[in-house]
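Contents: one structure, followed by commentary.
What follows is calculated from the coordinates using simple rules that are stated; it is not laboratory data. Here the structure is a predicted model, which is why all the values come from computation and not from measurement. We place every Cβ from the backbone using ideal geometry, glycine too, and count neighbours over all the protein chains shown.
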Amino acid sequence: MVGTPNRDRRAERREATRAEIVEAAWELARTEGLAAISLREIARAVGMQAPSLYSYFGSKHEIYDAMFAMGAQQFVDGEPWEQLTGEALHDVRCIVRYYVEFCAADLARYQLLFQRPIPGFEPSAASFAVSERDLARLAEHLVEVGLTDPRALDLFTALGAGLASQQISNDPGGDRWIRLIDDAVEMYVQYMTAPDSHDTSAR
């Protein structure tokens, strides 16, 4: 057809195989744990010899990096920005609830994105940039809804991380800490918008 660009079918097949490898790695991580996955097990899951994996990923850490990028993009793609109204209490509740529920939905993904469970692994600059851009967007939104204290972002992330950690560690599959989100967020917003909240001279 005139005007239709030529498809690079070889590149498409390669990307499809890379995606299959990453999905297999996620499945193994969910059943065996992140640190327990091996190139041999991943290769077996996708029906290839372990040495063949090196034509797609140079090391296991490269697979972790691709997993990190996938998980970070999943987080960004699911964020409830369209539900935000510009009202601080509503918006913070909405974002914190999304974060905690996202974390609780997949332990392996939570560990890879928000903890450091793999010795020696750090996400590449390109993969981490997904999270950095998202955090910058969050920081801008907090300012837009009136949470202008420079500590607002750090306290926000600590609040979400604490609730998620407690929920995952102490009530997996339940909602004990999820039910505390509204109360915790109300305290956070009240504190960050209090007239004297910016005064750190007494601290």
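Looking at the P(r) of the chain, how many percent of alpha-carbon pairs lie beyond 32 Å? Considering the chain, 31 percent of its Cα-Cα pairs are separated by more than 32 Å. Using +1 on the beta carbon of Lys and Arg, -1 on that of Asp and Glu, and nothing else charged, what's the dipole of the chain about the Cα centre, debye to 20? The calculated dipole for the chain is roughly 1020 debye. In a Gaussian network model over the chain where Cα atoms closer than 10 Å are linked, find which of PHE121, PHE68, PHE156 has the largest mean-square fluctuation. Sorting by GNM fluctuation, first place goes to PHE121.
Using DSSP to call loops (not H, G, I, E or B), can you name the trypsin sites (Lys or Arg not before Pro) in segment 64-172 whose Cβ has at most 14 other Cβ atoms within 10 angstrom? Before the final figure, lay out each step's value.
On the way: sites: ARG93, ARG97, ARG109, ARG133, ARG137, ARG151; in loops: ARG151.
Hits after loop and neighbour filter: ARG151.
Net length available on complete extension from ASP171 to GLU20 is 51.2 nm, with 0.36 nm assigned per residue and the Cα-Cα distance removed.
Over segment 1-58, the reciprocal of the mean inverse Cα-Cα separation, the Kirkwood hydrodynamic radius, stands at 12.7 Å. Ranking VAL76, PRO119, TYR99 by Cα position along the charge dipole of the chain, where only Lys, Arg, Asp and Glu carry charges on their C-beta atoms, puts PRO119 farthest toward the positive end. In the chain, the calculated helix contribution to ellipticity at 222 nm averages -21000 deg cm²/dmol per residue, counting -39,500 (n - 2.57) for every DSSP H run with n ≥ 4.
Determine, for CYS103, CYS94, the number of other Cβ atoms within 10 Å of each Cβ, and report the residues in order from fewest to most.
Working: CYS103 22, CYS94 19.
Lowest count first: CYS94, CYS103.
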